[in-house]
Amino acid sequence: MTSSMSMGQPVGASGTAGRGRFEAPAASVTPMVQLVDPSGVRVDDPDFAPIAPPDQTAALLRDMALIRRFDTEATALQRKGQLGLWAPLLGQEAIQVGVHSVLGGTDHVFPSHREHGVGMLMGLPIERMFGIFKGCEMGDWDAEALRFHHYSMVIGAHTLHAVGYAMGMAADARREDARRTDGQRPSSEPGVSVVFHGDGAISEGDVNEAYIFAAAYQAPTVFICVNNQWAISEPVERQSRVPLYQRAWGFGIPGIRVDGNDVLAVQAVTSWALDRARTGQGPTLIEAFTYRMGAHTTSDDPTKYRSADESEGWQHRDPIARTSAWLRSVGEWDDAQQAQLDQDTEAFGAEVRAAVDRVPDPSLGQVFDRVYAGTTDLLERERAEALGRVAR
Amino acid sequence: MSQTATAVSSSTLTLAKALNAGLRAAMEADDRVLMYGEDIGPLGGVFRVTEGLQARFGADRVLDSPLAESGLVGTAIGMAMRGYRPVVELQFDGFVFPGFDQITQQLAKLRSRSHGRVGLPVVVRFPYGGGIGSIENHSESIEAYFTHTPGLTVVSPSNPHDAYWMIQQAVASPDPVIFLEPKRRYHEKGTVRLDAPGRDLHEAAVVRPGAEVTLLAWGPMVRTCLDAATVAADEGRSVEVVDVRSLSPLDMTTILESVGRTSRAIVVHEAAGSYGPGAELAARITEELFYVIESPVLRVTGYDTPYPPSRLEAEWLPGVDRILAAVDRSLGY
Ligand SMILES: Cc1ncc(C[n+]2csc(CCOP(=O)(O)OP(=O)(O)O)c2C)c(N)n1
């Protein structure tokens, strides 16, 4: 039982005469792509194999360790009052690193509100991320240059933007093709939009409409549904009676569940979905099956709604421990490398703590800038009044 | 709560606890009253306003919902058509908009569309306004969208006593009520008189009498106006504060009486000024009291910008200093 999750009896087998054929038997068994099991043993999947040789997997381990450190430092900074709020990613490192590791140079990421690690790996300075949670900015980084879109606090709204963006990418590629007279393929790879959303988000109207548009226009979009089992206090069963990836099927989109704590599996499945999108085969929904180890945010109290047993049950599926165990077993990781990594994450921790002090304080005048492309008389009057008052 | 309610006539509660007690009383009084929303069950809502209600009334009457605001309001409409009285919690002001069509185009219109046959006794409650140091979409003051929609009742309590009674009156209302909870005041304590509401849901209240100028406010800004009036008193100014309480319908009788007495009015609200509720109040006062008022009706409001990052909100939101400056300006005419 390493590569599939039982969902219990097929609904049709319950004895209700004649109903079985109308209810999806597929809901009975939920295969999950897994390449390394929780104890670090390589397992085979009928459809997927690791896409990178073991010696390249050490880099993934390192990235996971770094973003975990980023996250634990951020949580501690919130506790010390240096951040107003933090949404921890603890336990979800393999998804963020696995997806990031296969992105092409023209792909564009649309994060939800917890993809801090993806942002960091894409080059977003940590202090910019902290700016949001310190209350100093809205996350107004150069999303186009980073290929990492602004955060979305309204759950699911950004999934539509990702689909529209992909439609635009595809339209660009078609126009470029039409312009070419030499019969050659364009030199640059067509881009894909990769959008992260949660298991809670799957209930929002916007997300369902995003699936519909993506399917209707065969948009080059990869949906990464991070199923961390909880939407604040709501368990995933409150959102869906079928495994989340199977939702996709009703929209005419392929859906697949991957072990979100297995970085090799996430990498392989994402790479496949990106390839589909790039070659004109349309969108894919990947359900990355994982667990939110910590609180929803630092203002949440998970003891009110879930058991310690449940959380502890996930400890042994840890993505970092699993990857290092496997790497050790194939001779690609040893104590010396681990000691070096520990030293590096320690140093990185200090960098993260220093970053929070680098967040620039905002000034009231900025609020009146960029409300429109130009400004308005009213805004200028309000700015003058506000600044006159603050200066007094 | 109900046991103690008969025993004691008053209690000191925070605004959040008063809402909780009010909801509990409403559910006890009428078993058709249901609550639903995101995280309102075991967690008790992100502000714990519904704490303990699911334990008391069961998961059939206090329902944790999928993460879908349009679904919440839309199904509440259907439940109300079947005779239930749903009280829907939307989690934050900025997350109301996925349910906006259901609120403004469906919920608000069914009585009129059905020629009075279908009333919808639905309460849509949500925490609103700024001042708690939160991130984007968690601090919006969006009352104008709803007050502009005929068919909706829009109210906001400013203190625990009103919170306790107004939520019960809202639940008892035959029409849909948008119930705006001033989140920055959730933890402020006050005396709740448990024996009598004091006033109807749609009455405004003079919460501090004064002679020279009337401040009109609701929800979170009432406390700020009271603070400003206290400072003004130290400076020898007599400022009256009216808690508007109900934005739609407006109690113009109380408001005009107050402004008629003081002959000056200033509207204070957190929402952006342009096309905000202050414009409505200023226009009505000017129409009715043109020959009485001695200065133009002034507005102290949020600026016409998106809500700022929280480090700036103390300067961005109307505060005591801006209100006092407006008092000076008004008296200077
Ligand atoms: C439209 C909307 N409704 C409610 C919220 C409040 N909220 C913030 S995060 C969250 C839960 C999201 O759960 P999920 O989509 O599973 O993502 P996760 O936080 O678990 O990563 C809720 C209800 C919101 N941000 N936006």
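Here, each number is a calculation from the coordinates, and none is a lab measurement. Note that the structure is a prediction, hence the values are computed from the model and not measured. Here the Cβ is made from the backbone with ideal geometry for all residues, glycine too, and neighbour counts use every protein chain on show.
Couple of notes before you dig in:
- Between B:Ala205, A:Leu121, B:Phe47, the Cα set farthest toward the positive side of the dipole of the protein assembly as shown (charges on each charged residue's Cβ, about the Cα centre) is that of B:Ala205.
- GNM result for chain B, Cα springs below 10 Å: residue of B:Pro309, B:Pro42, B:Pro277 fluctuating most strongly: B:Pro309
- Shape category assigned to the stretch B:23-131 from the gyration tensor of Cα positions, a/c cut at 1.5: oblate
- Near the amide H of A:Phe196, within less than 5 Å, lie the amide hydrogens of A:Phe110, A:Ser112, A:Ile224, all on another chain or at least 5 residues away, with H placed in the peptide plane.
- Taking every alpha-carbon pair under 8 Å whose residues sit at least 6 apart, the stretch B:1-105 reaches a relative contact order of 26 percent.
- Mean Cβ count within 10 Å, highest first, over the residues of peptides B:156-165, B:223-232, A:351-360: B:156-165, B:223-232, A:351-360
- Averaged over peptide A:234-241, the number of partner chain Cβ atoms lying within 10 Å of each residue's Cβ comes to 3.
- Dipole magnitude of the protein assembly as shown about its Cα centre (Cβ charges: Lys, Arg +1; Asp, Glu -1), debye to nearest 20: 1440 debye
- Residues A:Ser193, A:Ser271 in ascending order of nearby Cβ atoms (within 10 Å, fewest first): A:Ser271, A:Ser193.
- Per-residue average of Cβ from other chains inside 10 Å of B:90-102: 2
- Anisotropy class assigned to the stretch B:197-333 is rounded, per the alpha carbon gyration tensor with a/c under the 1.5 cut-off.
- Taking all pairs of distinct alpha-carbon atoms in the stretch A:348-392, Kirkwood radius in angstrom: 12.8 Å
- Principal semi-axes of the equivalent ellipsoid, √(5λ) from the alpha carbon gyration tensor of chain A, are 35, 28, 24 Å from largest down.
- Applying the Karplus relation 6.51 cos²θ - 1.76 cosθ + 1.60 with θ = phi - 60° to the stretch B:55-70 yields 3J(HN,Hα) values of 4, 7, 10, x, 6, 7, 10, 10, 9, 6, 10, x, 7, 7, 6, 4 Hz, where x marks Gly and Pro.
- Take each peptide in A:32-39, A:44-51, count the other Cβ atoms within 10 Å of every residue, and average; sorted highest first, the result is A:32-39, A:44-51.
- Per-residue HN-Hα couplings for the stretch A:194-209 [Karplus 6.51, -1.76, 1.60; θ = phi - 60°; Hz; x = Gly/Pro]: 10, 10, 9, 8, x, 6, x, 4, 4, 7, 5, x, 4, 5, 5, 5
- Using Cβ point charges alone (K and R +1, D and E -1), the dipole size of chain A about the Cα centre works out to roughly 740 debye.
- Per-residue packing, averaged as other Cβ atoms within 10 Å, sorts the ranges A:338-345, A:150-157 into the order A:150-157, A:338-345, beginning with the highest.
- Contact order normalised by residue count of chain A, Cα under 8 Å, 6+ apart, percent: 23 percent
- Taking Lys and Arg as +1 and Asp and Glu as -1, the other residues whose beta-carbon sits under 11 Å from that of A:Val226 total -1.
- Global geometry of the stretch B:187-264, whether rounded, prolate or oblate, following the gyration tensor of its Cα atoms and the 1.5 cut on a/c: oblate
- Calculated [222 nm] ellipticity per residue, helices only, for chain A: -14000 deg cm²/dmol; basis is -39500 (n - 2.57) per DSSP H run with n ≥ 4, divided by all residues, nearest 500.
- In order along the stretch A:375-386, the Karplus-derived 3J(HN,Hα) couplings, from 6.51 cos²θ - 1.76 cosθ + 1.60 at θ = phi - 60°, round to 10, 10, 4, 4, 4, 5, 5, 5, 4, 4, 5, 5 Hz, and Gly and Pro are given as x.
- Measuring between alpha carbons in the structure, the pairs from A:Lys304/B:Lys17; B:Lys109/B:Lys183; A:Lys134/B:Lys183 lying more than 25 angstrom apart are B:Lys109/B:Lys183.
- Antiparallel DSSP beta bridges within the stretch B:137-253, percent to nearest 5: 40 percent
- Amide H contacts of A:Glu287 (H built 1.01 Å from N, under 5 Å, at least 5 apart or other chain): A:Cys225, A:Ile256, A:Arg257, A:Val258
- Relative contact order %, the stretch A:240-392, counting alpha carbon pairs below 8 Å whose residues are six or more apart: 15 percent
- Over all pairs of different C-alpha atoms in the protein assembly as shown, the reciprocal of the mean inverse distance, the Kirkwood hydrodynamic radius, equals 28.0 Å.
- Convex hull of Cα atoms in chain B, direction-averaged projection (nm²): 16.5 nm²
- Peptide B:132-144 shows a mean partner chain C-beta count of 3 within 10 Å per residue C-beta.
- Hypothetical label at B:His187: residues of the stretch B:34-77 whose amide nitrogen lies under 16 Å (7 Å Cα-Cβ projection): B:46-49
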